[in-house]
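In what follows, a structure is listed as C-alpha cells, so that the remarks can point back to it.
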Amino acid sequence: MFKLAHISDVHLGPLPRLSIRELASKRITGFVNWHRNRRKHLFGNTLDLLLDDIRTKQADHLAVTGDLVNLASGIEIETAATWLKMVGDPVHTSVVPGNHDAYVPGAYEKAMRAWYPYVRGDRASAEWREDQRVFPYLRIRDQVALIGCSTAVATPPFAASGFYSARQARETVNMLRAAGDAGLFRIVMIHHPPIRGATSFYKRMIGIRRFAAAISTGGAELVLHGHTHLNTVHWLRGHADPVPVVGIASASQNVGGLKPPAAYNLFTIAGRPGAWELKAERYSLNTAGNGVDADGVDILAP
C-alpha cells in the first residue's frame with residue numbers, strides 16, 4: 001500500500017518588497033492584483049495546518065503541482081527552496097512548476113535551478129545544467145511511477161495560460177509505456193487542468209489534445225493538477241479504462257473567499273497490474289479555519 005498526498009498552488013507569502021526594476025514588467029499587474037484581492041484570503045497558517053495533517057496520515061510521498069510563488073522574484077524563489085527543504089527530503093517530495101513560477105522571462109530557469117532536487121527524474125544528472133530538459137521526468141517509488149510534466153511558460157500581462165509541447169507528449173508516452181510494462185501504477189502531475197472548459201480562455205492549457213492523446217496512447221491510472229484553486233474530478237480516455245483527473249484547492253486559501261478553502265487529496269494505492277485499487281480522500285480546512293477535516297467520501301466513487 002502506498003499513500004500519496006497532493007497539494008497545489010502554494011503561493012508562499014507574504015509578498016516581499018520588490019525593486020522598481022522588478023516591477024517594471026508583468027509583475028506590476030500581479031502586484032496590484034495581490035494587494036486588491038489575493039492577500040485578503042490567502043495564507044494565515046492554512047498551509048502549515050495541511051502539512052501537519054498530512055504528516056499524521058503518514059503519507060509516503062507528497063506531490064506539489066505548481067505555483068509555489070506569486071511573482072517569481074528572486075527572493076520568492078529562494079524562499080520556496082528553503083520551504084521545500086523544510087517540507088521534506090526530495091526523495092519523498094515531487095514538484096512540477098506552475099505559471100506563477102514562470103511569471104516573467106528567466107524566472108522558470110531560476111526556479112528550476114533552485115528547486116532542482118525536487119524536479120529531477122531518477123536518472124537525471126545530479127547537478128543542474130542550463131542545457132538540460134527537465135520535463136517530463138520519471139520517478140519510481142515502490143509500485144508507483146510519478147511522471148512530472150511542465151506547462152509553465154512566461155506569458156503576457158493578464159494571461160495565465162500554459163503550454164504542453166509535442167516533445168513532452170512524445171516523451172510522456174514513452175515513460176508511460178515503460179512504466180506500464182514494468183507493472184507500475186502511473187501518476188501524471190501537471191499544473192494546468194488538461195480538460196477543455198475547466199478554466200477560462202486566458203488561463204487555459206495549450207496542448208490539451210496532445211496531452212489527452214499521450215494518456216490514451218501511453219496509459220495512466222491517475223492525473224493530478226492545480227491552477228484552478230478548485231476541488232474537481234474529471235475523466236480522460238485511457239488505454240483501457242477512464243483515467244481520473246483530479247484538481248485541488250489552493251493550499252493557502254483561507255476560509256471566507258470565493259474559492260473553496262485550502263485542502264489536500266490523499267490517495268491510497270494497492271493491488272497489482274490489472275487489478276489496481278485506488279482510494280481518494282479529500283481533507284479540507286474547517287469552517288473555523290483552525291483545523292483540517294475529512295470530507296468523508298471517496299471522491300472517485302461513482
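The values are calculated or read from the model by the stated rules, or taken from the named source; none is laboratory data. For clarity, every value in this text was computed on a predicted model and none was experimentally measured. Backbone-built Cβ (ideal geometry, glycine too); neighbour counts: all protein chains shown. Areas reflect the complete protein model, heavy atoms only, side chains present, ligands, DNA and RNA absent. Shrake-Rupley method; radii C 1.70, N 1.55, O 1.52, S 1.80 Å.
Computed from the Kirkwood radius of its Cα pairs, the Stokes-Einstein diffusion coefficient for segment 139-268 at 20 °C and 1.002 mPa s stands at 141 µm²/s. Using a 10 angstrom cutoff on alpha carbons, build the Gaussian network for the chain and name the most mobile of 242, 136, 261. Taking springs between Cα atoms under 10 Å, the residue moving most is 242. Over all directions, the projected convex hull of the C-alpha atoms in segment 61-201 averages 8.7 nm² in area.
Summing charges over all other residues whose Cβ lies under 9 Å from the Cβ of residue 67, with Lys and Arg as +1 and Asp and Glu as -1, gives -2. Global dimensions of the chain from alpha-carbon coordinates: Rg and Dmax equal 18.0, 57 Å. Computed about its Cα centre, the charge dipole of the chain is approximately 920 debye, with only Lys, Arg, Asp and Glu carrying charge at their Cβ.
Take the Cα pairs of segment 193-297, get the Kirkwood Rh, then feed it into Stokes-Einstein at 4 °C and 1.567 mPa s and tell me D in µm²/s.
Result for D is 86 µm²/s.
Of 57/279; 57/259; 85/203; 85/110, which pairs sit farther than 19 Å apart, going by alpha carbon to alpha carbon? Violating the 19 Å Cα-Cα cut-off are 57/259; 85/203. Determine the dipole magnitude for segment 97-148: charges of +1 sit on the beta-carbon of Lys and Arg, -1 on that of Asp and Glu, nothing else is charged, the reference point is the Cα centre, and the result goes in debye to the nearest 20. About 80 debye.
At a Förster distance of 41 Å, what's the computed FRET efficiency of residue 201 paired with residue 174, Cβ-Cβ distance as r, to 0.05?
0.85
The GNM of the chain, with springs linking C-alpha atoms under 10 angstrom apart, assigns the highest mean-square fluctuation among 135, 185, 201 to 201.
Spin-label model, residue 295 to residue 182: label points 7 Å out along the Cα-to-beta-carbon direction sit 3.1 nm apart.
Using the Cβ of residue 125 as centre and a radius below 15 Å, the other residues enclosed give a net charge of +2, where K and R count +1 and D and E count -1. Across segment 245-252, computed HN-Hα scalar couplings (Karplus, 6.51 cos²θ - 1.76 cosθ + 1.60, θ = phi - 60°) run 10, 10, x, 8, 5, 4, 5, 10 Hz from first to last residue, x flagging Gly and Pro. The apolar share of the surface of segment 2-296, taken as the fraction of accessible area on carbon and sulfur atoms (1.4 Å probe, ligands and nucleic acids excluded), comes to 53 percent. Here the Gaussian network model covers the chain, with springs between Cα atoms less than 10 Å apart; of 143, 168, 58, 58 fluctuates the most. Taking the convex hull of the alpha carbon positions in segment 108-152 and averaging its projected area over all directions gives 3.2 nm².
With θ taken as phi - 60° and the Karplus curve 6.51 cos²θ - 1.76 cosθ + 1.60 applied, the whole-hertz 3J(HN,Hα) list for segment 190-200 is 7, 7, 6, x, x, 10, 5, x, 6, 8, 5 Hz, x standing for glycine and proline. Scalar couplings 3J(HN,Hα) for segment 221-232, obtained by applying the Karplus form with A = 6.51, B = -1.76, C = 1.60 to θ = phi - 60°, are 10, 7, 10, 10, 8, x, 6, 7, 6, 10, 8, 9 Hz; x denotes Gly and Pro.
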